[in-house]
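The values are calculated or read from the model by the stated rules, or taken from the named source; none is laboratory data. Just so it is clear, the structure is predicted and the values come from calculations on it, not from any experiment. All Cβ positions, even for glycine, are placed from backbone atoms using ideal geometry, and neighbour counts span all protein chains on display. SASA here: full protein model, heavy atoms, side chains in, ligands and nucleic acids out. Shrake-Rupley method; radii C 1.70, N 1.55, O 1.52, S 1.80 Å.
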Amino acid sequence: MADRFDALVIGAGHNGLTAAAYLARAGVKTVVVERNPYIGGAAVSRELYPGFTYSNCSYVCSLMRPEIMRDLDLPRHGLQVIPFEGSVTMTEDGGYFASYLDHDQNRREMARYSARDAEAYDDYSAEVLRQCRFIKDTLLMTPPDPTSFRPRDLRGLVDLGRRFAAQGEDWMYDTIRFWTMSCGDFLDQYFESDIIKGHLAGSSIIGTALGPKSPGSAYVLLHHYMGEVDGNIGAWGYARGGMGAVSKSLAAAFQEAGGVIRTDAPVAQIIVENGKACGVALSNGDEIRANNVVSNMDVKRTFLNCMDASDLPDDFVRQVKNFKIRGSSGKLNIALDGLPEFPSIPADCPARYGDMHVSDSMDYLEIAYDDWKSGTWSKRPYVDMMIPSMTDPTMAPPGKHFMSVFVQYVPPKIHGRDWADADRDAFRDTVINRIAEYSPNFKDLILDVEVRTPRELEAEVGLTEGNIFQGELTLDQLLFNRPVPGYAQYRSPVKGLYMCGSSTHPGGGVMGAPGANAAREILRDLKR
Amino acid sequence: MIMAPYESQVLTTPFHPRTSAYCRTNHWANWSGYTTVQVYTDVQLEYFAARNSAALFDLSPMTKYDITGPSAEAFLNRLLTRDIRRLGVNRVAYVAWCNDDGMLIDDGTVFRFANNRFRLCCQERHLPWLLDSAFGFDVDITEVTESIAALALQGPTSCAVLKSAGFAGIENLRPFDLAEYELHGASIHISRTGFTGDLGYELWFHDRHALDVWDALMEAGRLYGITPMGSQALEMTRIEAGFIQANVDFLAGGRATRPGGNLRSPLELGLDWLVNFDKGHFNGRRALLAEHQNRTSRFKLVGLDVDGNKPANDALLYDHRDREIGVVTSAMWSPTCKKSIAIASIKHHVDADHAGIWADIYVQRELKWRRIKATCRVVERPFFNPPRRRITPAGAH
Amino acid sequence: MSTRYNYDAIVIGAGHNGMVCAAYLARARRRVLVVDAADAVGGALRPIDFNGLSVPFAAQLDYGLDRSLVDDLELSRHGFSYAVEDIGSSVFNRDGSRIDYAMSNDDTRSLAGVSKDDARQWPEFRQRLIRFSGIISDIARRSPPRLGGDSANARTWLAIALKLRRLGRSEMREFLRIGAINIFDVLEEQFENPTFKAAIAAEAVLGHHLAPRSPNSVLTLLMRLAGSQGKIALPRGGMSALGAALQSACESRGVTFRMNALVRRVVIDNDMARGVELDDGTIITAPTVISSTDPRTTCLNLVGADHLDTGFVRRVRNIRSNGCTARIDFLLDNLSGFAAASALGLKRRLIYAPDMDTIERAFNDSKYGRISAEPLVELVLPTMLDASDRESRQHLATALVQYVPYQMIGDINMARDTLLENTRNIAELMLPGFKSHITASRVLLPTDIEHGLGNHGGHWHHAEIALDQFFMLRPVPALAQYQLPVAGIWLCGAGCHPGGGISGVPGRNAAVRILASVSLR
């Protein structure tokens, strides 16, 4: 290969593409290598059944940082987000609880279950909003290292501390408590109704190997609310054409700036010479040389699978091994011959255009977690169902529908052994039967089901253990601890090797912040 | 008829059949989830009815809580900054309440129907705060916003209208008095209260009587110039009366989501007279006492007479050395005082009489913007304060 | 005001923290009265009659009595000494096999049954925990600073930060990482033997509503090690002897005790404490009132919500204080034949914890209001451990059993029976023949502890120990300095920093605060 690049990004996921686009726009000659024949990583649209578009991994668009949308001009590159209004939880007894954007309408809906909760929601929202505001400012920041005495780190720490202190003493206590307490305890402070708590607690468990009663789970709530904080209309929405549209627009921005994407190019090894990363070897033996290598893969895959341990400090390898990246989610992508009926939800209720859940109490979620802890998928799982084809005709042929079903909890291994096809089928049946309890015609409409357990997520997307956040979002793995203490600034121990995936701060969700942050650090090193 | 929330984003008040018939401008507003009229026909017309004849305002969306039980008085005394033990039966009091830090949560009115029976009316919703404040007290708190309809009848002829509608002896009601009447079989509580700073009454009754009462008043008031009034005209009378408004002059709810000390204590809002330090413990007392004793108030509320005729809405205020000292929170051209008036929050240390305060006003005339430095004088509130407001028996004009 | 007060300070509750606080105040020449509803001092240490044998009401073992406090109060002069200063522990698997270990030393010879790798890992792992617990121990001894406020607060924070820095960069990073993590992950990283892992996990979760997989469970382990570096001890004469020694130490300094006196409320006038009112209407005056009961009971029952602000009351009501640990006493008849067979076991602390998943499942039950089907048990025979008791023909076995939810679904008496039966069977497994020696038993559920001690929820630590209720957040931020918003009212119980476990530190810290802010009249 004659080409020599300034930067090579491993993995055309949304963070890899974001990092690459920022680099290319700064004049860095950049190539992205992707092992799959298509780009996108976990933000993809694929026609896996004739005429249907599957957003077969991530499925909603809300977290993409507005700064990145602006910098990379994503709407011009074709990103269209179709907002939806809210979500709805169906109850065991045939009722429902919906959420609405309108404040008073939402209050009246809550008041059907508890007059107190209906108004306590204002206090709750105010506190969550406050927490989001604080966190939001840290998203596009390189975490300062609290053990370092470098001026930049000290400045960063002082700045963080000052912003923290600006909120007032009482709020500082509340914040520390919020970061350490369980979602259940947090919600109990505000609400009394089981269904309202169950509905809200769903946000605290998505992608997380914690139950809503585990300390530390309150923080995960924020990840869900972050999208709303910017006050964008319809902060939650479907990417028109599926989540692949996000990746497509990022790729378009990258290519417009002169970037090169190579698909079908699985990386076998990151080449390190004289203690410096200088390219990659593909599994077919080809080598691509670059002055800098940026990995969008999770840290375990990057450092344990694609590198020699001898090139890395022992302590670092140990810490990477200890990085918690347990899979806890699965997904069903379903092609439907028509619109499934959900008799619990009134026909005119706008919430049916958003997410639909069946988890009507916190205990429901906690019991689902108990199954995961004991090494099996939840027998009564949390499901987050969406039918984007109701508002996006590109997703399915006329009259037919695509349904995305996110499932929590699904363990990376079944009682310590690998998933077998029979497990996968049994898991599929668990989920489908659970949905069918709420939708009488659901089973008859099914044309095709794609089942994605952690096994498939790891094999196809490359997410270790199928963890959708490339590492759990717990206090010990946030900010300067993400992915490992001392290496939270996107640089690895090897010169010229960087990390830009969700394993790095601020973590998962299709927000692009790790990619943008990594690019900023790389450009800093390149003095651009 | 109870509508599921998904069926209607905004509710209507019990007077909707009438208010919608009178509302010729189609100028509606969402008030706490209810469809309410901003302007029926013309804001000036409605305003002058309130000042010079009688105006009828639908205030049903006002939040109302019934507070009953053996410890109702003790509960309210701990909740509110005023001494409720001194509020007699059939009396009404203007009240305020604070969070732990002594920051105002909301203001409102408390009605005492009986020894152990009160009603709290206010702008915002506070059920969790009230219920949590009730911990340790033998008291029941019920929200009655939806079931209790309310009308304000304000203006110099309001007493005459009520008399003519059959409320005998209404003229003997003193300001902040409360009495129960019967009209066509409906029980109606009438208080001599209001938001206009003028002679006026508020009527409270079950929502099923709403249309009957409305019709009776409109009929009785025909010769007295009765006019339905929308919220825009009410807002004008409110400012002239010098009253502060939740989420306009102060941030209600006692919660702020941004740093910067955006909440205000009652002492910072000119509500010192509502705070009674001698009545025993009440919510926020320790913080307010410290503020009072250590003189740590950060702001004070002032009424301003602004030069010129341009309303000073949202204007920043400066002193003679061009240092920013505060902000106008409510402002208008007063058609009665013929002055530009404003309510403003300024830094506490500013010597308002000698600071040379000026307001930075931006006005647009025929799409051309102009900046006006309007000199302001601190004046007493209310800006308009007619004796008829207080005289009992009330004049039957 | 020229009021003549009966005392300088009144301490509500003659538990160990109340007495420690009283003793420190008396040492500083304050006239102190201790009032308690019971007929004897001690609180959880209080001796009660159990079929003719004197047993402590609830306290099991000394998991970390602050040794400097023993010196300060000259407890040894008042008859306090240890029967055993470092009790060895054994953990049992379901098949009755056991592993002996001690958190207090590196002796790997005793770790029979674990793999070579595990044995090799143990000293380094234990020493690291002890090192980290040194940080916690330093924090535990401090009275919590505020985040805002004056330079004294800033100095405390700086001192803690420097202590942390002294660990060295990589250790500090590790400390920050595992501070919030769960013990399950840490142990999975280190060891292979499931029962050995369960033993360490049990140390972390005993007394807490946490399971091995719950985040924060490393913190609770460090807390336990912080007191006495992993040593678990038994005073000569049993746990009640500590209560007697504290009483003697108090009385020798002039502290007055008034027993059988239930405090109805704290008397407050003009936002200041004036004394206490007893249940019989007696009013005893003092400008300082110190409560050793839990914060919730103190604030909401003794002080009353009407003297407090709504936001504050809200926070106090949200303190997590539901206990999850039951105590069961067994009276055993002559053990001579039995003792020979399991001589060693009878002088150890026996833990039933086959593997971490079993503990986790036991915890799962309690989340939904059920008692654990296969509980975690800590069993000791105090009368065997304590040579001074050798003459007694009867012996006592006491078990801590969890998880037993405070709010239980179903019939409580049936739960009591099931719990007893399960515990008996587990004890039999650990000490074959045990069952046949039982002549009487007593079950103490969290509700019984609540009833007997008056602490809401019947929690060991009065308030759950977790990061969100730790240090400057304990029990709520506004109470972290041991002081109530009403002038002159203080807390000195386990609900305050650093928590329970018979350390006496909350009582001492409170006394130090009180002495610093209240001058002698």
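Here are some notes:
- DSSP bridge orientation in chain B - percent antiparallel, rounded to nearest 5: 95
- Taking other residues whose beta carbon is less than 13 angstrom from the beta carbon of A:MET386, and scoring Lys, Arg as +1 and Asp, Glu as -1, yields -2.
- Surface composition of chain B: carbon and sulfur make up 49 percent of the accessible area, probe 1.4 Å.
- Alpha-carbon centroids, region A:87-119 and region C:458-521: separation in whole Å: 41
- When peptides C:32-44, B:27-39 are ranked by their average number of other Cβ atoms within 10 Å per residue, the highest-first order is C:32-44, B:27-39.
- In chain A, the calculated helix contribution to ellipticity at 222 nm averages -9500 deg cm²/dmol per residue, counting -39,500 (n - 2.57) for every DSSP H run with n ≥ 4.
- Rh by Kirkwood over Cα pairs, then Stokes-Einstein D for region A:112-230 at 1.002 mPa s and 20 °C, µm²/s: 138
- Under 15 Å from the B:THR41 label point (7 Å along Cα→beta-carbon), backbone N, region B:222-244: B:222-230
- Choice from B:GLY260, B:GLY88, B:GLY356 with maximal GNM fluctuation in chain B (Cα, 10 Å cutoff): B:GLY260
- Percent RCO, i.e. relative contact order, over region A:325-461, from Cα pairs under 8 Å lying at least 6 residues apart: 40
- Each Lys and Arg adds +1 at its Cβ and each Asp and Glu adds -1 at its Cβ; summed about the Cα centre, region A:325-461 shows a dipole of about 260 debye.
- Computed extension length for B:ALA290-B:ILE372: 25.5 nm, one decimal, from 0.36 nm per residue of separation with the Cα-Cα distance subtracted.
- Over all distinct Cα-Cα pairs of chain B, the Kirkwood formula returns a hydrodynamic radius of 22.1 Å.
- In this calculation the C-beta distance from A:ASP337 to C:TYR368 is compared with R0 = 45 Å, giving a FRET efficiency of 0.65.
- Dipole of chain A [Lys/Arg +1, Asp/Glu -1 at C-beta], most positive-end residue of A:ALA12, A:ILE522, A:HIS77: A:ILE522
- Close Lys pairs in chain B (alpha-carbon distance under 23 Å; sequence gap of 8 or more, or different chains): 10.
- One equal scatterer on each Cα of the protein assembly as shown, no solvent, Debye formula: the resulting log10 I(q)/I(0) at q = 0.04, 0.05, 0.07 Å⁻¹ is -0.29, -0.46, -0.90.
- With the highest mean first, a sort of the peptides C:290-297, B:180-187, A:504-511 on other beta-carbon atoms found within 10 angstrom per residue produces C:290-297, A:504-511, B:180-187.
- When the Cα positions of C:ALA199, C:SER214, C:ILE136 are compared along the charge dipole of region C:126-226, C:ILE136 comes out farthest toward the positive end, with charges on each C-beta of Lys, Arg, Asp and Glu.
- Fraction of accessible area attributable to carbon and sulfur, region A:161-232 (%, probe 1.4 Å): 46
- When the accessible areas of B alone and C alone are added and the area of the pair subtracted, with a 1.4 Å probe, the result is around 1300 Å², both sides summed.
- Under the Karplus curve 6.51 cos²θ - 1.76 cosθ + 1.60, θ = phi - 60°, whole-Hz ³J(HN,Hα) for region C:268-284, x wherever Gly or Pro sits: 10, 9, 6, 6, 9, 5, 10, x, 10, 10, 7, 4, 8, x, 4, 10, 10
- Helical contribution to [θ] at 222 nm, DSSP H n ≥ 4, -39,500 (n - 2.57), averaged over chain B, rounded to 500: -5000 deg cm²/dmol
- With the simple spin-label model, which puts each label point 7 Å out from Cα in the Cβ direction, the C:ASP107 to A:LYS413 separation comes to 3.6 nm.
- Here r is the Cβ-Cβ distance between C:ASN260 and C:SER436 and R0 is 30 Å; the resulting FRET efficiency, rounded to 0.05, is 0.15.
- Our summary gives region B:298-383 a relative contact order of 36 percent, counting only alpha carbon pairs under 8 angstrom and 6 or more residues apart.
- Taking a Cβ cut-off of under 9 Å around A:ILE271, the surrounding Lys, Arg, Asp and Glu residues balance to a net charge of -1, with basic ones at +1 and acidic ones at -1.
- Heavy-atom accessible area with a 1.4 Å probe sorts C:HIS78, C:HIS451, largest first, into C:HIS451, C:HIS78.
- Positive dipole terminus of the protein assembly as shown, leading residue within A:VAL461, C:GLY454, B:ALA93 (C-beta point charges): B:ALA93
- From the Kirkwood radius over Cα pairs of chain A, Stokes-Einstein at 4 °C and 1.567 mPa s returns a whole-number translational diffusion coefficient of 55 µm²/s.
- Accessible surface of B:LEU316 - all protein chains present, 1.4 Å probe, nearest 10 Å²: 60
- Here region C:226-274 exposes an accessible surface that is 43 percent carbon and sulfur, computed with a 1.4 Å probe and the other protein chains kept in place.
- Sites B:ARG298 and B:ASP212, calculated FRET efficiency, Cβ-Cβ separation with R0 51 Å, nearest 0.05: 0.55
- Of the trypsin sites (Lys or Arg not before Pro) in region C:147-219, the ones in a loop by DSSP (not H, G, I, E or B) with at most 16 other beta carbons within 10 Å are C:ARG166.
- For region B:161-287, the relative contact order is 17 percent, taking Cα pairs closer than 8 Å that sit 6 or more residues apart in sequence and dividing their mean separation by the residue count.
- Summing Cβ point charges (Lys, Arg +1; Asp, Glu -1) relative to the Cα centre of region C:126-226 gives a dipole of roughly 480 debye.
- Considered as an equivalent ellipsoid built on the Cα gyration tensor, region B:309-350 has semi-axes of 22, 10, 8 Å, the largest given first.
- Electrostatic dipole magnitude of chain C [Cβ: Lys, Arg +1; Asp, Glu -1; Cα centre; debye, to 20]: 1520
- Per residue, chain C exposes 34 Å² of accessible surface when a 1.4 Å probe is rolled over the protein heavy atoms with every protein chain present.
- Threshold 10 Å², region A:164-188 residues less accessible with all protein chains present than alone (1.4 Å probe): A:ALA166, A:GLN167, A:GLU169, A:ASP170, A:MET172, A:TYR173, A:ASP174, A:ILE176, A:ARG177, A:THR180, A:MET181, A:ASP185
- Those residues of region B:245-261 for which accessible area with every protein chain present is at least 10 Å² below the isolated value (1.4 Å probe): B:ARG255, B:ALA256, B:THR257, B:ARG258, B:PRO259
- Euclidean distance of C-alpha centroids, region A:446-505 and region B:314-355, integer Å: 56
- Those residues of region A:475-496 for which accessible area with every protein chain present is at least 50 Å² below the isolated value (1.4 Å probe): A:ASP476, A:PRO485
- For region B:298-383, diffusion coefficient by Stokes-Einstein and Kirkwood Rh (Cα), 10 °C, 1.306 mPa s, µm²/s: 125
- Chain B against chain A buries an accessible area of about 2200 Å², both chains summed, 1.4 Å probe radius.
- Globularity index of region A:325-461, i.e. its alpha-carbon radius of gyration over 2.2 N^0.38 Å: 1.06
- Separation in nanometres of the label points that stand 7 Å from Cα toward Cβ, at B:ARG174 and B:THR68: 2.8
- With all protein chains modelled, accessible area of C:PHE363 [1.4 Å, Å²]: 20
- For chain A, the solvent-accessible area with a 1.4 angstrom probe is 33 square angstrom per residue.
- The trypsin sites (Lys or Arg not before Pro) found in region B:339-397 that occupy coil by DSSP, while having at most 13 further C-beta atoms within 10 Å, are B:ARG390.
- Top of B:SER191, B:SER133, B:SER334 by mean-square fluctuation, Gaussian network on chain B, Cα under 10 Å: B:SER133
- Nitroxide proxy distance, nm - points 7 Å out along Cα→Cβ at C:ASP411 and A:ARG289: 8.3
- Within chain C, antiparallel bridges make up roughly 70 percent of the DSSP beta bridges whose residues both belong there.
- Separation of region A:130-176 and region C:4-34, taken as the distance between their Cα centroids, equals 43 angstrom.
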